[in-house]
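K.L.:
One structure is given below, represented as C-alpha cells, and several questions about it will come after.
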Amino acid sequence: MADLLVKLYDLPDIAPLVKVLAAQGVVIRRAMAYEKHQVLAWVRECFAEGWASECDVAFSNRPISCFLATERGKIIGFACYESTSLNFFGPTGVAEENRGRGVGKALLLSSLHAMAEKGYGYAIIGHASDPQYYVKALGAIPIEGSSPGIYRDFLKEK
C-alpha cells in the first residue's frame with residue numbers, strides 16, 4: 001500500500017457536509033481528553049490494537065489530533081492525524097453500519113483542514129488501504145516508491 005499526497009490549500013469546504021450530518025443527528029468534533037479511555041476502547045474493539053496505539057498518541061498532541069463522529073452520545077467514527085509521524089493523516093475508521101453516510105469524508109476533511117490551519121501545504125495519507133477513495137475525494141496523488149514507507153519491520157504479535 002502506497003502513501004498519498006494531498007494538497008491542503010485546495011480542500012473542499014466542510015461546512016455543507018457537517019450541516020447535512022448534523023440534520024441526521026451526527027456531530028463531528030475534536031475529541032476531548034476526558035474521553036480518551038472510551039475512544040481507545042472503541043477503536044480497539046472496532047478496528048485494531050495498533051490503531052488504538054496510534055490514537056493514544058493523538059491524545060498527547062495539543063490540540064488533540066483526533067476527531068470523532070458521534071450520534072446520540074455514541075462514537076460512530078474517528079480520524080487521527082500526526083499520530084505516527086508528523087504531517088501524516090490516519091488512522092481513520094467508521095463503524096460498518098454507518099458507512100456510506102459521509103461520516104468518513106467529514107472526519108477526513110476535519111483532520112485535513114486542521115493540518116492546513118497548522119501551516120502545512122500538503123499532507124501525507126500513509127499506507128492507504130483504499131487509495132482510489134482519496135484520489136476521487138481529494139485528488140490525492142500516489143507517492144511512487146512509498147510502500148512500505150514508514151510502516152516497515154512490524155513487530156509480531158504473540
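Only the coordinates and a few stated rules stand behind these numbers; no lab work does. Source: prediction; values computed, not measured. Every residue, glycine as well, gets a Cβ built from its backbone with ideal geometry; the counts of neighbours run over all protein chains shown.
K.L.:
Which residue, chosen from GLY149, PRO131, ALA2, occupies the Cα position most advanced towards the positive end of the dipole of the chain, where the dipole is computed from +1 (Lys, Arg) and -1 (Asp, Glu) charges on Cβ about the Cα centre?
P.N.:
PRO131
K.L.:
When the Karplus curve 6.51 cos²θ - 1.76 cosθ + 1.60 is applied with θ = phi - 60°, which whole-Hz ³J(HN,Hα) does each residue of the stretch 136-145 get, with x for Gly and Pro?
P.N.:
Going residue by residue, I get 5, 6, 10, x, 4, 10, x, 9, 4, x Hz, with x marking Gly and Pro.
K.L.:
Under a GNM of the chain (C-alpha, springs under 10 Å), which listed residue has the highest mean-square fluctuation: LEU112, LEU86, LEU21?
P.N.:
Looking only at LEU112, LEU86, LEU21, the largest GNM fluctuation is found for LEU86.
K.L.:
Could you give the size of the charge dipole of the stretch 2-158 about its Cα centre, using +1 on the Cβ of each K and R and -1 on the Cβ of each D and E, expressed in debye and rounded to the nearest 20? Could the numbers behind the result be given before it?
P.N.:
Working: 17 positive and 17 negative charges, 78 e Å.
The calculated dipole for the stretch 2-158 is roughly 380 debye.
K.L.:
Evaluate E = 1/(1 + (r/R0)^6) for GLU96 and ALA33, where r is the Cβ-Cβ distance and R0 equals 35 Å; express this FRET efficiency to the nearest 0.05.
P.N.:
For GLU96 and ALA33, the calculated efficiency is 0.80.
K.L.:
Over the stretch 4-142, what relative contact order in percent results from Cα pairs under 8 Å that are six or more residues apart? Provide the component values of the computation, followed by the final result.
P.N.:
Details: 225 pairs, mean separation 45.4, N = 139.
Relative CO of the stretch 4-142 lands at 33 percent.
K.L.:
Taking the number of other C-beta atoms within 10 Å as the exposure measure, put TYR151, TYR134 in order starting with the fewest. Working shown, then result.
P.N.:
Values: TYR151 15, TYR134 19.
Least to most surrounded, the residues fall as TYR151, TYR134.
K.L.:
I would also like to ask the following. Between ARG152 and ALA41, what FRET efficiency follows from the Cβ-Cβ distance if R0 is 35 Å, with the result rounded to 0.05? Before the final figure, lay out each step's value.
P.N.:
Working: r = 28 Å, r/R0 = 0.81.
So the FRET efficiency works out to roughly 0.80.
K.L.:
Principal axis lengths of the chain from Cα atoms, whole Å, largest first?
P.N.:
Principal extents (Cα only, largest first): 42, 42, 30 Å.
K.L.:
Then there is this: Under the rule of at least 5 residues apart or a separate chain, name every residue whose amide H is placed under 5 Å from the amide H of ILE76.
P.N.:
Under 5 Å from the amide H of ILE76: ALA69, THR70, GLU71.
K.L.:
Let me ask something additional. Return the FRET efficiency for the residue pair LYS136, ALA23: r is the Cβ-Cβ distance, R0 is 30 Å, and the value is rounded to the nearest 0.05.
P.N.:
Numbers: r = 24 Å, r/R0 = 0.81.
Taking R0 as 30 Å, the efficiency between LYS136 and ALA23 is 0.75.
K.L.:
Now a separate question. Tell me, what ³J(HN,Hα) does each residue in the stretch 109-121 have, in order and in whole Hz, if you take phi through Karplus 6.51 cos²θ - 1.76 cosθ + 1.60 with θ = phi - 60° and put x for Gly and Pro?
P.N.:
5, 4, 5, 5, 5, 5, 5, 5, 5, 6, x, 6, x
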